[in-house]
Structure formats: structure tokens, C-alpha cells
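> Please see the structure below; I have some questions.
Bear in mind these aren't lab numbers, they're just calculated from the coordinates by the rules spelled out. Source: prediction; values computed, not measured. Neighbour counts are summed over all protein chains in view; Cβ atoms, including those assigned to glycine, are modelled from backbone coordinates with ideal geometry.
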Amino acid sequence: MQQKERQVWYDGREVSVENMDIWELINHSPIDKVVVSLQQRQGGYFPQKMTFITEVANTDELEQVPLGDVVFSNNQEILANAKKLGYQTCIFYSVDDRVMLERVSREASEYDFAAVDFDLPTNIPLELIIARLEESNTVLLRAVNTAIDTEIAYGTLEKGSDGVLFATTDVDEVKRLTSYMSKLSSENLELHPMVVTEVKHAGMGVRACIDTTGIMTQDEGMIIGSTSGGGLFVCSETHYLPYMNLRPFRVNAGAIHSYVWQPDDAAEYLSDLKVGDKVLCVNTKGETRILTVGRMKTEVRPMLLIKGTVGNRELNVIVQDDWHIRIMSADGMPRNASTIKPGDELLAYVCEPGRHVGVKVNETIIEK
């Protein structure tokens with residue numbers, strides 16, 4: 001069975017609406033699932049990104065819960081009625097003895113989600129539940145209070161729990177959790193030196209700048225290539241420009257036909273990229289983060305073809321033919337595009353070729 005997507009639910013039932021420090025932090029974090037009381041659900045302000053897990057104390061309250069919420073309760077009768085009404089359900093268990101542990105193992109698979117709290121700081125009960133729910137579709141969450149406990153929950157039995165129910169009013173602990181979540185969700189790309197074999201002017205063409213809603217640093221950029229088998233590290237516009245201001249939100253990416261790499265090793269033509277799309281920002285270590293496209297800026301410019309090889313794989317990129325375009329060299333230093341020459345080594349990413357509408361497919365494909 002496939003690994004279920006990791007989930008973090010923030011348990012906000014004990015957090016007052018007036019505690020703005022916590023709620024502002026949650027609202028601006030990667031956390032997009034919150035457990036709330038029915039009163040909080042009806043009266044609190046939350047961003048549109050949030051998925052609500054609403055606690056229900058009795059069956060009569062179900063009619064007040066918006067459809068689309070997950071109904072949260074430790075009462076099986078309430079959850080049975082919620083299921084009949086079309087809600088997803090989450091049962092909460094507090095495990096303090098072997099009898100309750102056996103009950104969780106026996107019943108939890110009847111629900112979409114099961115959140116489990118333990119009275120002792122041991123992972124053995126969690127291991128047993130993970131093993132017994134392995135073939136079920138139930139998403140198992142462990143109740144935790146710290147980022148360290150989250151990491152431990154994810155590592156138990158190598159597979160770990162499917163998520164955590166995270167409860168704290170400690171601002172610093174929430175910050176540690178969001179930092180851990182960012183690292184957990186980021187991909188690492190294996191970058192290689194590409195030996196340049198040819199550099200030449202490629203005539204006039206349409207080039208695209210990718211303007212994002214984020215800020216990039218001097219060792220960050222994006223992977224841009226003419227073929228689905230990989231691309232070069234094109235730097236962010238964070239390096240010295242003698243006649244204009246820096247644009248740290250921008251990558252002057254290259255010719256409009258090019259691919260840019262996205263999360264989950266997807267790639268998109270620059271011509272198809274649009275506001276709201278996601279792209280991978282990569283640094284010289286191969287660490288990535290996801291940025292949102294805020295604007296695509298296309299203009300006719302003179303173009304430069306840079307070809308090279310990584311082992312027996314040939315790659316190329318066509319970028320604007322201008323000194324201020326930077327390509328990252330293999331030693332992690334930016335190179336002005338117009339000064340690159342055969343024999344130079346540039347930083348590149350290589351993957352298996354073959355894509356359909358940007359998604360990797362297993363097919364015979366020849367790209368030159």
C-alpha cells in the first residue's frame with residue numbers, strides 16, 4: 001500500500017480567539033488543517049486555505065457543522081450519524097491501558113481518521129497500532145506537543161504515523177514545527193557539473209522572466225532546459241547589475257519553449273506557466289523550496305545557446321544573450337552568460353527524459 005501523505009493537524013480547541021500571536025503564526029505557516037470547537041468554527045476568522053476538523057459534543061450539533069468539515073469526536077454514535085450525513089469522520093482515543101489499545105486496533109479502521117493520545121512516553125503502543133492499520137485506508141495521527149515528538153512519530157517503525165495532532169500554545173514550538181515541515185516537504189535535487197561543448201548566438205527569440213511572490217538569495221535559482229532530460233541552474237536576479245536595480249523575486253529564465261522544473265519532478269513549458277503556478281527554487285546544494293508564480297514577463301531579445309554534456313547525456317539551454325544573465329558554475333559561483341565558453345563547467349540537473357504535458361511518462365523519446 002502507498003505511503004499516505006503526511007498530515008499535521010493543529011489542535012486549536014484550547015486556544016482563544018484573542019491569542020493572536022498563535023493564530024497569526026498558524027495562519028501564515030504551512031499548516032492548513034485545524035481542529036476547532038463548534039463555537040470557534042462559527043465565530044473565528046480563518047484563511048480560506050484551512051481545512052476544518054470540527055469537534056462535535058452531541059448529535060444535535062451536526063446540523064450546524066458545514067459540509068466539507070471533518071467531524072471530530074470520541075463518541076461512536078455521533079460519528080456514525082455524521083457518516084450517514086456524508087461527513088468524513090475522525091475518532092479520538094486516549095490510550096491508557098491494554099484494553100483501550102486493543103479497542104483502537106479493532107475499531108480505528110472504521111473511520112477516515114483516528115487520532116490517538118498515549119498516557120506514557122513510549123512508542124510501543126503506536127508501533128502496534130501502525131502495524132495493525134497498515135492495510136487500512138484510515139489516516140492515523142498521534143497527539144504530540146513538540147516538533148521533536150512529531151519527528152519521532154514520523155519515524156516509528158520506519159513508516160511512522162500518517163500525521164500528528166499538534167497541540168501547544170508555545171509560539172517557539174510552533175515555529176520549530178513549521179521549520180521541520182518545510183524541510184520535510186522539500187525535495188533535494190542531485191546536481192552535476194556539465195562540461196560546456198558549444199556556445200553560440202541563437203538569433204532573436206522570445207524569452208520569459210519568471211517573477212515569483214517570494215524572495216530568492218544569491219545561491220538560488222531554477223532549473224531550466226530545452227529537453228525533458230534535464231537543465232541548467234539559471235540564477236536568480238540577485239547579482240550585481242550596473243544599470244538597474246536587482247529583482248530578487250525573478251529568474252530571467254530563457255527561451256519560451258524551455259522547461260522549468262516544478263515540485264514532484266514535474267516540468268512545465270515557460271509558455272504555459274501562469275500566475276498561481278508553482279515552481280522549484282533550488283540552491284547550490286540541491287535543496288529546494290516551492291515558490292508561486294506572480295507574473296510571467298515575455299519579450300523579444302537576442303538569444304544564446306549553451307550546449308554541454310553530463311557523462312553521456314547532452315543538455316542545452318537557450319537564454320537571453322546578455323552579460324547580466326547568470327548561470328551557476330559547478331563551483332557554486334555565478335557566471336555571466338556572455339562570458340561562458342567551451343570547457344567551462346556549469347551546474348546542471350539530469351533526470352530520465354520523457355514527458356507529456358510536463359508529467360514524466362515511460363516512452364521512447366528523442367530530443368535534440
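> What FRET efficiency do you get for A131 and K175 if R0 is 22 Å and r is their Cβ-Cβ distance, rounded to the nearest 0.05?
Values: r = 33 Å, r/R0 = 1.52.
Working from the Cβ atoms, E equals 0.10.
> Now a separate question. Summing Lys, Arg as +1 and Asp, Glu as -1, what charge do residues with Cβ under 14 Å from the Cβ of D21 carry, D21 excluded? Don't skip to the end; give the middle numbers.
Numbers: positive: K175; negative: E18, E24, D170, D172, E173.
It works out to a net charge of -4.
> Let me ask something else. Using Cα pairs under 8 angstrom and six or more residues apart, how large is the relative contact order of the chain, in percent? Kindly include the intermediate steps, with their values, before the conclusion.
On the way: 825 pairs, mean separation 52.9, N = 368.
Once normalised by length, the contact order is 14 percent.
> Report D for the chain in µm² per second (integer): Stokes-Einstein, Kirkwood Rh on Cα pairs, 37 °C, 0.692 mPa s.
141 µm²/s
> Among V35, V17, N312, which residue has its Cα furthest toward the positive end of the charge dipole of the chain, with +1 on Lys/Arg Cβ and -1 on Asp/Glu Cβ?
Looking along the dipole axis, the top candidate is N312.
> Once the other residues with Cβ under 14 Å from the Cβ of A202 are scored (Lys, Arg +1; Asp, Glu -1), what is the net sum? Could you put the intermediate results ahead of the total?
Details: positive: K200, R207, R301, K307; negative: E198, D321, D322.
Summing Lys and Arg as +1 and Asp and Glu as -1 gives +1.
> Give, rounded to the nearest 20 debye, the magnitude of the charge dipole that the chain has about its Cα centre when Lys and Arg contribute +1 at Cβ and Asp and Glu contribute -1 at Cβ. Spell out each step's value before the answer.
On the way: 36 positive and 54 negative charges, 340 e Å.
With Lys and Arg at +1 and Asp and Glu at -1, about 1640 debye.
> Report, in degrees rounded to the nearest 10, the 0 to 90 angle that the Cα long axis of helix 171-185 makes with the longest principal axis of the chain.
Between helix and principal axis, roughly 60 degrees.
> Oh, and also: In whole angstrom, note down how far apart the Cα centers of the stretch 3-47 and the stretch 175-250 are.
Each part's Cα centre sits 34 Å from the other's.
> Take the Cα gyration tensor of the stretch 187-280, multiply each eigenvalue by 5, square-root it, and list the three semi-axes largest first, rounded to whole angstrom.
Values: eigenvalues 71, 64, 47 Å².
Values for the stretch 187-280, descending: 19, 18, 15 Å.
> Residues with beta-carbon under 10 Å from that of V251, excluding V251: net charge, scoring Lys, Arg +1 and Asp, Glu -1? Present the calculation step by step, with values, prior to reporting the outcome.
On the way: positive: R247, R250, R326; negative: D211, E220, E237.
Residues close to V251 contribute a combined charge of 0.
> Okay, next question. Quick check on the chain: of the DSSP beta bridges with both residues there, what percent are antiparallel, nearest 5%? All intermediate terms of the calculation are to be shown ahead of the outcome.
Numbers: 62 of 95 bridges.
Antiparallel bridges make up about 65 percent of those DSSP assigns within the chain.
> Sort 210-220, 325-335 for me by packing, meaning the mean count of neighbouring Cβ atoms within 10 Å per residue, highest on top.
Result, highest mean Cβ count within 10 Å first: 325-335, 210-220.
> What do you get for trypsin sites (Lys or Arg not before Pro) in the stretch 41-136 restricted to DSSP loop and a cutoff of at most 16 other Cβ within 10 Å of the site's Cβ? All intermediate terms of the calculation are to be shown ahead of the outcome.
Details: sites: R41, K49, K83, K84, R98, R103, R106, R132; in loops: K49.
Passing sites in the stretch 41-136 are K49.
> Rounded to the nearest 500 deg cm²/dmol, what is the calculated helix-only ellipticity per residue at 222 nm for the chain, with -39500 (n - 2.57) per DSSP H run of length n ≥ 4? Walk me through the numbers before you get to the answer.
Details: 7 runs with 66 residues, N = 368.
Value at 222 nm, helices only: -5000 deg cm²/dmol.
> Next up: Report Rg(Cα)/(2.2 N^0.38 Å) for the stretch 287-339, keeping two decimals. Walk me through the numbers before you get to the answer.
On the way: Rg = 13.7 Å, N = 53, 2.2 N^0.38 = 9.9 Å.
My calculation over the Cα atoms of the stretch 287-339 gives 1.37.
> Suppose we flag chymotrypsin sites (Phe, Trp or Tyr not before Pro) only when DSSP calls them loop and at most 16 other Cβ atoms lie within 10 Å. Which is the longest uninterrupted stretch of the chain?
Numbers: sites that count: Y45, Y240, Y243, W323.
In the chain, the maximal stretch lacking such sites is 46-239.
> Put a dot 7 Å past each Cα toward the Cβ at Q42 and D96; how far apart are the dots in nm?
3.1 nm
> A further question follows. Using a Förster radius of 25 Å, what is the FRET efficiency between M204 and K274 based on their Cβ-Cβ separation? Nearest 0.05, please. Can you show the working numbers first?
Values: r = 24 Å, r/R0 = 0.97.
About 0.55, to the nearest 0.05.
> State the Cα centre-to-centre distance between the stretch 301-356 and the stretch 89-152 in whole Å.
50 Å
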